[in-house]
Amino acid sequence: MVSGIVCVSEEVAQAVEEGAPVVALESTIIAHGFPYPANLSCAFRSEQAARDAGAVPATIAVIDGVVRVGLTRDEIERLASDPKVEKASTRDLGTLVAFKLTGATTVAATMAVAARAGIRIFATGGIGGVHRGAQISMDVSADLEELARTRVAVVCAGAKSVLDIGATLERLETYGVPVLGYRTDEFPAFYARTSGFPVSARVEDAAAVARVLRVRDELGLAGGEVVANPIDPAFEIPAQTVEAVVAQALAEADNAGISGKAITPFLLRRIHELTGGASERANLELVLSNVRLAARIAVAYHAR
Ligand code: PSU
Ligand code: MN
């Protein structure tokens, strides 16, 4: 227990205490990122991938009003199968705990909790960002605000092209968040390896990322880092294919009047439905690849 309302599993608490490698994992991806039972398999395989690469996985969620870092199998099953589980961003943490509710944490909320528990590295699929049309809707994910203030590195496959990727990168630059391209000069677009936009720096291995994190710690810089890891070419879906599907999903969301926190889950679900198995497979593989990289970064970061 970090406090009466944050419960860290024994395994994670011991690893943090010893300065051993730990990788935080989010739970919105479980509750709202994949259909059941693919979500369950993604969650369990992610935890195993972290272990296989030498790090302790710390999946984060709010369960019946308790902020949990490191979940049991039953808790993960519940997040995967209970449709009533809410999507929880940073703003929701207070109410979920105060009112004893259950929520699956987004990148933003997971970062906030990970930092509180002393975890420096986090793996996910894709980050939220500036939505297309944000000039009017002002829909910008709280993930970017959290990256601006919370010192946790987020290993991801970039951002989905449902977002305005150029504007997302501009906002990260404004916030002083480095975007480190893992063996790439271009920011990846989730299913596709390229987006046409440059990263702020290229890194060749996990040790280089760990060095950057340590320097940023030492300089006392606020905020996190984005580590952008392009999807394996074997699972990549061509940008034009994705674009057509995204355009259709966005039009449907618009027609159905869907907005706010519901838009991302809606778009993810429609993209999965419209591309059949391909996008689900790609999504799973890129998550696992991100977890493996995050674990290697954690191992390098904690080796002193
Ligand atoms: N992007 C994905 N898969 C996801 C998400 C984003 O490719 O599952 C989830 C993450 O939890 C992310 C959240 O933090 O959506 C962003 O939601 P919003 O745009 O409402 O902030
Ligand atoms: Mn939003």
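Figures for the structure shown
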| item | result |
| --- | --- |
| Test: residue in region 197-216 that is surrounded by 20 or more Cβ atoms within 10 Å (Cβ to Cβ), at pLDDT 95 or above, in contact with a helix residue (DSSP H, G or I) (Cβ under 6 Å, 6 or more places away or on another chain) and assigned to a strand (DSSP E or B) | yes |
| Region 69-93, residues that are closer than 22 Å to K261 by Cα, of a type in the set (D, E, K, R) and not in a loop (DSSP other than H, G, I, E, B) | R78, E86, K87, R91, D92 |
| Residue count for region 30-52, restricted to those that are open to solvent by less than 30 Å² (accessible area, probe 1.4 Å) and either of a type outside the set (S, T, Y) or farther than 21 Å from A153 by Cβ (or both) | 12 |
| Which listed residue, of R78, R68, is touching a strand residue (DSSP E or B) at 6+ places or on another chain (Cβ under 9 Å) and either within 27 Å of A207 (Cα to Cα) or crowded, with 21+ Cβ neighbours inside 10 Å (or both) | R68 |
| Residue count for region 117-132, restricted to those that are in a loop (DSSP other than H, G, I, E, B) and either within 13 Å of ligand 1 (Cβ to nearest atom) or buried (at least 24 other Cβ atoms within 10 Å of the Cβ) (or both) | 9 |
| Which listed residue is open to solvent by less than 10 Å² (accessible area, probe 1.4 Å), at pLDDT 95 or above and touching a Gly at 6+ places or on another chain (Cβ under 8 Å), from A108, A114 | A108 |
| First in region 260-275 and over 17 Å from Q240 (Cα atoms) and more than 11 Å from ligand 2 (Cβ to nearest atom), second anywhere and basic (K, R) and part of a helix (DSSP H, G or I), Cβ under 6 Å, 6 or more apart | none |
| Boolean, A148 is surrounded by fewer than 24 Cβ atoms within 10 Å (Cβ to Cβ) and more than 16 Å from V209 (Cβ to Cβ) | yes |
| E11 being buried (at least 24 other Cβ atoms within 10 Å of the Cβ) and either of a type in the set (D, E) or modelled with pLDDT under 95 (or both) | no |
| Sole exception among (1) in contact (Cβ under 8 Å) with a residue 60 or more places away in the chain; (2) open to solvent by 20 Å² or more (accessible area, probe 1.4 Å); (3) within 9 Å of ligand 1 (Cβ to nearest atom) for A142, by number | (1) |
| Test for T90: is it open to solvent by less than 10 Å² (accessible area, probe 1.4 Å) and either in contact (Cβ under 8 Å) with a residue 12 or more places away in the chain or within 17 Å of the chain's Cα centre (by Cα) (or both) | no |
| Index of the failed condition, K160 passing every other in (1) within 26 Å of S46 (Cβ to Cβ); (2) within 16 Å of ligand 2 (Cβ to nearest atom); (3) part of a helix (DSSP H, G or I) | (3) |
| Some residue of region 151-160 being within 13 Å of ligand 1 (Cβ to nearest atom) and modelled with pLDDT under 95 | yes |
| Any hit, region 170-180, residues being within 16 Å of ligand 2 (Cβ to nearest atom) and open to solvent by 10 Å² or more (accessible area, probe 1.4 Å) | yes |
| Top-ranked residue in region 152-169 [being touching a His at 6+ places or on another chain (Cβ under 8 Å) and of a type outside the set (V, I, T); ranked as surrounded by the most Cβ atoms within 10 Å (Cβ to Cβ)] | L163 |
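The values are calculated or read from the model by the stated rules, or taken from the named source; none is laboratory data. This structure is a prediction, so every number in the text was calculated from the model and none was measured. Cβ atoms come from the backbone with ideal geometry, glycine included; neighbour counts cover every protein chain shown. Quick note on the areas: whole protein, heavy atoms, side chains included, nothing else; ligands and nucleic acids left out. Shrake-Rupley method; radii C 1.70, N 1.55, O 1.52, S 1.80 Å.
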